[in-house]
Number of protein chains: 2
Amino acid sequence: MSREQDLAPEAQPDPSRRRFLNTAAVAGLAGASMSVGLSACNQGNKAATVAAPAAAAVEEGHSPHLKPGELDTYYGFWSGGHTGDFRVLGLPSGRELHRVPCFVPDALVGWGITNESKAVMGTKPDGSLKYTVGDTHHTHASYKDGNYDGRYAWINDKINSRIARIRLDYFVCDKITELPNVQGFHGIFPDKRDPVDPAINYTTRVFCGAEFHIPLPNDGRDMDTPEKYRTLFSCVDAESMEVRWQVLIDGNCDLVATSYDGKLAATNQYNTEGGFHYEGMMSAERDACLFFNIARIEAAVKAGKFTTYGNSKVPVVDGTRAANADPKTALTAYVSVPKNPHGVNASPDGKYFICAGKLSPTGTVIELAKVLDWFDGTLPELDKAIVAEVELGLGPLHTAFDGRGNAYTTLFLDSQIVKWNVEAAIKFHAGDKTANYVVDRLDVTYQPGHINASQSETMFADGKWLAVGCKFSKDRFLPVGPLHAETEQLVDISGEKMKLVADHPVRPEPHDFIIFKRELLRPKQIYDMAEFPLAVKDQKEAGVFRDGKKVTVKIASLAPAFDPREFKVKLGDEVTIILTNLDKVEDLTHGFAIPKYNVNFIVNPQETKSVTFKADKLGVYWCYCTHFCHALHLEMRARMIVEA
Amino acid sequence: MSREQDLAPEAQPDPSRRRFLNTAAVAGLAGASMSVGLSACNQGNKAATVAAPAAAAVEEGHSPHLKPGELDTYYGFWSGGHTGDFRVLGLPSGRELHRVPCFVPDALVGWGITNESKAVMGTKPDGSLKYTVGDTHHTHASYKDGNYDGRYAWINDKINSRIARIRLDYFVCDKITELPNVQGFHGIFPDKRDPVDPAINYTTRVFCGAEFHIPLPNDGRDMDTPEKYRTLFSCVDAESMEVRWQVLIDGNCDLVATSYDGKLAATNQYNTEGGFHYEGMMSAERDACLFFNIARIEAAVKAGKFTTYGNSKVPVVDGTRAANADPKTALTAYVSVPKNPHGVNASPDGKYFICAGKLSPTGTVIELAKVLDWFDGTLPELDKAIVAEVELGLGPLHTAFDGRGNAYTTLFLDSQIVKWNVEAAIKFHAGDKTANYVVDRLDVTYQPGHINASQSETMFADGKWLAVGCKFSKDRFLPVGPLHAETEQLVDISGEKMKLVADHPVRPEPHDFIIFKRELLRPKQIYDMAEFPLAVKDQKEAGVFRDGKKVTVKIASLAPAFDPREFKVKLGDEVTIILTNLDKVEDLTHGFAIPKYNVNFIVNPQETKSVTFKADKLGVYWCYCTHFCHALHLEMRARMIVEA
């Protein structure tokens, strides 16, 4: 078997996708001498999984192209991966409309520069930022009655186990919480209603799965005894953003899903073996989709049946397999699924969770009513909740839905999307071998990970557009050096056959995303000054205010001038600049940069921000507007004079 | 006159562009009680400048839409404004293919995190970054024989007066230089050949204009005597990136242009008045396009006719108006142009520089041969080099060319592009009032700044595509809160009439850009390991190497594993991790994150990077691959164990 280094690198685009498939991902896998569960290919709907070349990828479909000035019909929320951001796309055009900084500084906005953003991001005792890197994977928005309600979105940071909340009125991050006791926080999903109170038909909790198993607490103990390492599943309050509770569990959490009735959350578990090298993490043939009985967990916390770890005050209940053998009292249920499963997705009819096998070529359909039966003691064998387990192709990762009973699963190794009918798969699994559950296959380019469709994560999946995040772009765009864009491919799924209609390059690396109708959001485009207690409400309030060595400079911006237009401070002063944008015209944003003082931030209409720095350099510094605002934008400056 | 605050803000898109035009920019200007040179409207080609509504903006043209997998035909290099980056777009699709971090940290790449990037960016004595903000405005690429040669691009940082160079083989920033003695470094342009040596038919210098006038040196002297403030024009060596020389000048530099024969550079000057409030900066009716005689300046430097300021060793020659009255010895020539001019652009035939009036509705055409005549003493009156000064419309800012004799100038206040014929304008200026120089007008949305066309900044302008950077997008995209995207509008200029074909939103705020044929670049997609002296060339070289409290961990990545897969360090160690990506497959990038240690970076195929940090937290830390690489990507981890 040849390895990667035997292949001649190519600087120019190479249209041969099969050659790439046969060398990069598959060869890499095989080269590492692993079976990756290919033996499982011998069972199931064999005819359908034979990798016949798909129809030519480029076909006629709904046009994703808008005329100049024409608005998109859907919003897309995309995670930005290790770029660390939250992105807003318009669909079907695929245009990136906004990036909301949360975990990582942003020089445009002044995120990580202003006092307000530093308070959200978190600082060290010396006032510098605690973290400047992030790795966002999954973003989901708040629900009401099974659809998005336009209040919030949440996004994870895997590197430092943080969760950020984005306000969807102003599209800004307003809270970040660092989860205790965990490492590698990965999957995230809000609940959709309360498991007990029917009046709470909206999101009040966000569930967070942690991937890496570590000693508890991770303070230097048990480092060489990996069999004691554990992960936790966390519940964060949607409003306060405090961690309500955690559950000690077996295995490593991948994705998270929640039921539409609010009763169940689940996470796909790989490495139920507790291995600490990849071979050990994939030694077992089956891992688990781990279900959480939310009402029971909260009752246990209320009853004081919890522990805590280290300095954390967060209650932790025991959700390990060994402690939850009795269904009548169990907090958790480990439904078995094949080998290192990856994605878990809730079908829009509310009935099923679908798990993708990753190292098994299968999709597993779990009926939620049966999981509840098991918790109620009426289903003797938990794995009877599995109503289908069917072959889909190599490397299944994530699944989307069209609201017409079909699922769309990405096949990482096959570089394909497989469209399959869920009820037909259930029939096939029940023994009806005439049930041809595979409806269509579409080659994508290349190595697809996440997939989602318009309204797919709601009860109102509308089956219009599907996007697929391809991890490799290789030859799809002009070459730009060794670092390639990734590809979000857009597929028209309104008909029986899938139709690839556009390639959208993205800066690495988006993982998950959601797509929903534009009517569901009503963003505000002018700030309410009442949101800012420090606001300089009028030019008359502007000026320099000294308190010993602390100087506050209150500035108002109104195109084309800052007020005051010059100010003096003394060497060694601690200077706080408070700037309010008095302009009220939509889109009339000002910036404020101070040369050599490492200061820049913007203020949108009616917004206020502040920065604090030490005046440690003598001289004249022309503070200037960095955000084009007016014909006299270049002339819009204020002079800071630092005197001895 | 109503001011902005009298207008009701609108949260939802409003298609009425005229209403916006009449309230935001124009009202803001008039509200500040300024005449902005509108009186100049009374002269010139009046019929042509009457603002008749342009034809419907959306018309048929060349399609900017590509089929999936189809490659763009042009590269675009865009500055990222106060996002601080250098962007690479594909055109005509408008797709963003890459962002090259230079002045500002980038969490994806690890720019500002790795030792190698910190060395390029510059650090404080404590090892932290000197600057984390930037404001890029203009980017231009290296030339040979009047066309791009694919070696380098340069980009400015206005906030901290830095110039960065981007290698166009790997699309990475390899050098940053901070200019001494200046503030507000704004315009930038490489030379196109040597003024003396005909064998040097390629770029060897980069010219940099500084905008803000400051005391010299800016060490606390002369702070309250603005009449002593001055700016400098700088020349940076294209290869060494050292500052060769500077010129002391009058006025504030806006844009920079260079001649195709290498003999002249120029910068448009506003605030030749030396004002320090905007009223003072616009009190004079004419400012200047300031020409530099490169050969004479370098001879003066060689002859020791220079001074230096403060700690800087850079030679500074005197280019002020007063010191350069004699054309025979002058280093500089101040050609007068109307009121606060903004852009200056070289026509592709090599004959003219065209200055845009900003606060005057005019374009000024300066014939370069005549400027050289003045320097030679054969043109008695310098302003006779002005061969046309014609009305174009309100707020002219920048000009592009189609190679067929036409210029395209943005009109900021009119929100229009005006297409005009340069030779007809010269005839009109010479007295032929039948010469209708205005060919076409196109409404754009809204408030256009920079403009450029395919190959426009070379001798090979091809007149196919034109892009225009619109500062306000207002109603052109789905609303995403108070911060709006800007719009890069794409125009088909292959015919007589301009045709708007697409709106491309961009994160604020691109300023200048260049567009050129894809054949001019040959990027490499795999690194040459010889570029990295620290490379871990083989897994056998991996391991932990201790020198007292300093520990070097050499790691090799080869999908799906890091080697070593665990390593131990002691609390308090200074740890340096050196990571080489041994994979050779194109697009097979790995990432390396260490939870809680604020480390993340990527290594492209055959690349090596290093990070240094203090092991200040006990416990187990799962270093993981952050860049999707393989079916076992999630399992690709290394365990860092920090022992007491």
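Values quoted throughout were computed directly from the atomic coordinates according to the rules given, and no laboratory measurement underlies them. Not measured: the values here are computed from a predicted model. Cβ: placed from backbone, ideal geometry, glycine included. Neighbour counts: every protein chain shown.
For the range A:335-423, the dipole from Cβ point charges (+1 on Lys and Arg, -1 on Asp and Glu) about the Cα centre works out to 240 debye, to the nearest 20.
Could you tell me which of the pairs A:K549/B:K596; B:K313/B:K554; A:K158/A:K263; A:K130/B:K175; B:K118/B:K305 are separated by over 32 angstrom between their Cα atoms in the structure shown? Present the calculation step by step, with values, prior to reporting the outcome.
Values: A:K549/B:K596 35 Å; B:K313/B:K554 41 Å; A:K158/A:K263 26 Å; A:K130/B:K175 28 Å; B:K118/B:K305 37 Å.
As for pairs spanning more than 32 Å Cα to Cα, those are A:K549/B:K596; B:K313/B:K554; B:K118/B:K305.
Within the range B:505-644, the ratio Rg/Rh, alpha carbon atoms throughout and Rh by Kirkwood, equals 1.07.
In straight-distance terms, cross-link reach from B:K433 covers every one of the lysines whose alpha-carbon lies under 27 Å from its own, apart from those fewer than eight places away in the same chain; here that gives B:K46, B:K339, B:K351, B:K358, B:K370, B:K384, B:K419, B:K497.
Of the three principal axes defined by the Cα atoms of the range B:154-211, the extents in descending order read 36, 29, 15 Å. Computed over the alpha-carbon pairs of the range B:381-440, the distance histogram in 10 Å steps reads 24, 49, 26, 1 percent, short to long. Given their separation in residues at 0.36 nm each and the Cα-Cα distance between them, A:A325 and A:A644 gain 107.4 nm when the chain is fully extended. Taking 0.36 nm per residue of sequence separation and removing the Cα-Cα distance, the A:E227/A:E496 pair yields an extension gain of 91.9 nm. For the range B:255-331, taking Cα atoms only, Rg and Dmax work out to 14.6, 41 Å respectively. For A:R286, the residues whose modelled amide H falls within less than 5 Å of its own, excluding neighbours fewer than 5 places apart on the same chain, are A:K339. By the equivalent-ellipsoid construction on the alpha carbon gyration tensor, the range B:191-299 comes out with semi-axes of 29, 16, 9 Å, ordered largest to smallest.
With both labels modelled 7 Å from their Cα along Cα-to-Cβ, the B:A530 to B:H62 distance reads 4.0 nm.
May I ask for the Rg/Rh ratio of the range B:546-585, computed from Cα atoms with Rh as the Kirkwood radius, given to two decimals?
Numbers: Rg = 11.9 Å, Rh = 11.2 Å.
On the Cα set of the range B:546-585, Rg over Rh gives 1.07.
Straight-line reach from A:K517: which lysines have a Cα under 16 Å away, not including same-chain ones fewer than 8 places off? Of all the lysines, those that pass the test against A:K517 - Cα under 16 Å, at least 8 places apart if same chain - are A:K144, A:K464. Pair-distance distribution P(r) for the range A:68-188, from all Cα-Cα distances in 5 Å bins starting at 0: 2, 11, 20, 23, 19, 13, 7, 3, 1, 0, 0 percent. Taking all Cα pairs closer than 8 Å and separated by 6 or more residues, the relative contact order of chain A comes to 11 percent. Using only Cα positions of the range A:401-467, each an equal point scatterer, no hydration layer, compute I(q)/I(0) via Debye at q = 0.20, 0.21, 0.29 Å⁻¹ and quote the log10 values to two decimals. Log10 of I(q)/I(0), two decimals: -0.83, -0.88, -1.15. The value obtained for the range B:249-291, namely the Cα convex hull volume divided by the number of residues, is 58 Å³ per residue. Sequence-distant contacts, meaning Cα pairs under 8 Å at least 6 residues apart, place the relative contact order of the range A:529-642 at 28 percent. Evaluate Rg over Rh across the protein assembly as shown, taking Cα atoms for both radii and Kirkwood's formula for Rh. Ratio of gyration radius to Kirkwood radius: 0.98.
Relative to the compact globular guide of 2.2 N^0.38 Å, what is the alpha carbon radius of gyration of chain A, as a ratio? It would help to have the intermediate numbers written out before the result.
On the way: Rg = 26.6 Å, N = 644, 2.2 N^0.38 = 25.7 Å.
The value comes to 1.03.
Select from the range A:449-515 those GluC sites (Glu not before Pro) which occupy a DSSP coil region and have at most 12 other Cβ atoms within 10 Å, ordered by residue number. Please report the intermediate quantities before stating the final value.
On the way: sites: A:E457, A:E486, A:E488, A:E496; in loops: A:E457, A:E496.
Here the sparse-neighbourhood loop sites are A:E496.
Here the range A:553-632 has an Rg and Dmax of 12.5, 39 Å, counting Cα atoms alone. Bridge orientation summary for the range B:529-642: considering DSSP beta bridges with both residues in this region, about 70 percent are antiparallel. Each copy carries a label point for A:D197 at 7 Å from Cα along the beta-carbon vector; from one copy to the others these points are 8.0 nm apart, nearest first.
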